[in-house]
Amino acid sequence: MPAPEIGQAANEQHVASEPIYRIEDLAKRYGEGDNAVHALRGVTLDIARGSMIVLLGPSGSGKSTFLNIVGGLDRPSDGHVWFDKSDLAACSDRELTEYRRKNIGFVFQFYNLIPSLTARENVALITEIAENPMDPAEALSMVGLESRIDHFPSQLSGGEQQRVAIARAIAKRPDVLLCDEPTGALDSLTGKLVLSALDTINRSLGTTTMVITHNAVIAGMADEVLAFADGRLSEAHKNPSRKLPGELWW
């Protein structure tokens, strides 16, 4: 099976209703028999291209497992994850590596910046190996850090470091941006700045964006909200309109 090509989702002409992901009966088990842990159980849904998705649920509900499988970091035990025409469940390890490298940007709770490199240099680590990258300064400008590009991580606040991590993730122009608790270590004001960066990227670049959070208020900025419980998709609903991050209160 050929690996997905970079820009494939963004550059091909599709009808608006065609999803970027089709997920069917997705399940993930760790262990076997009576000792098996069921992290995901029969999850089926479509993810709209270019949408902002917020995933809610308590710890252990399956959110991160779901994101890891969609991002090609883990494999399902059963079911299918179709990215355009490629079933990730059937891809080889090499094809999944290519899928992650070309199509997916990751943002985690912890920034994972290299302390000895400036913001520009941290972003350049990605642009140097990407096929059609942004200039690092452009990526940093998109997250509001144009005046901080030559600062080292130790000279940046936590929110600024997280925005550098976001710039690094989007500098290769991924089709999909996956964010696992990107505001979990931040106060509310700083968290809103990080969410504003994600909102800008989603709206301006059309990057399909999924955000895991334990903060239900953040669901207001989503096109669609997915709630997980005990490994199942317990609820999925679309918001009638999206709030801007600055309009969220917590």
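The values are calculated or read from the model by the stated rules, or taken from the named source; none is laboratory data. Remember, it's a predicted structure, so these values are computed and weren't measured experimentally. With ideal geometry, Cβ positions are generated from the backbone for all residues, glycine too; neighbour counts draw on all protein chains shown.
Taking first residues from the range 54-67 that are within 24 Å of Lys243 (Cα to Cα) and partners that are hydroxyl-bearing (Ser, Thr, Tyr), the Cβ contacts under 8 Å between residues at least 6 apart in sequence or on separate chains come to Val54/Thr213; Leu55/Thr213; Leu56/Thr213; Gly57/Ser234.
In the range 151-161, is there at least one residue being under 24 Å from Arg101 (Cα atoms), in contact with a Cys (Cβ under 9 Å, 6 or more places away or on another chain), at pLDDT 95 or above and not acidic (Asp, Glu)? There is no residue in the range 151-161 that is under 24 Å from Arg101 (Cα atoms), in contact with a Cys (Cβ under 9 Å, 6 or more places away or on another chain), at pLDDT 95 or above and not acidic (Asp, Glu). Note on the range 137-250: enclosed strands (runs of 3 or more DSSP E) holding 1 or more residues that are touching a residue at least 60 places away in the same chain (Cβ under 8 Å) and surrounded by 23 or more Cβ atoms within 10 Å (Cβ to Cβ) are 176-180, 208-212, 224-229.
Annotation for the range 81-100: no member residue is out of contact with any Phe, Trp or Tyr (no Cβ under 9 Å at 6 or more places or on another chain) and within 25 Å of Thr213 (Cα to Cα). Within the range 105-153, being small (Gly, Ala, Ser) and under 20 Å from Gly71 (Cα atoms) holds for Gly105, Ala130. Here the condition is being touching an Asp or Glu at 6+ places or on another chain (Cβ under 8 Å) and at pLDDT 95 or above; of Gly79, Gly50, it holds for Gly79 alone.
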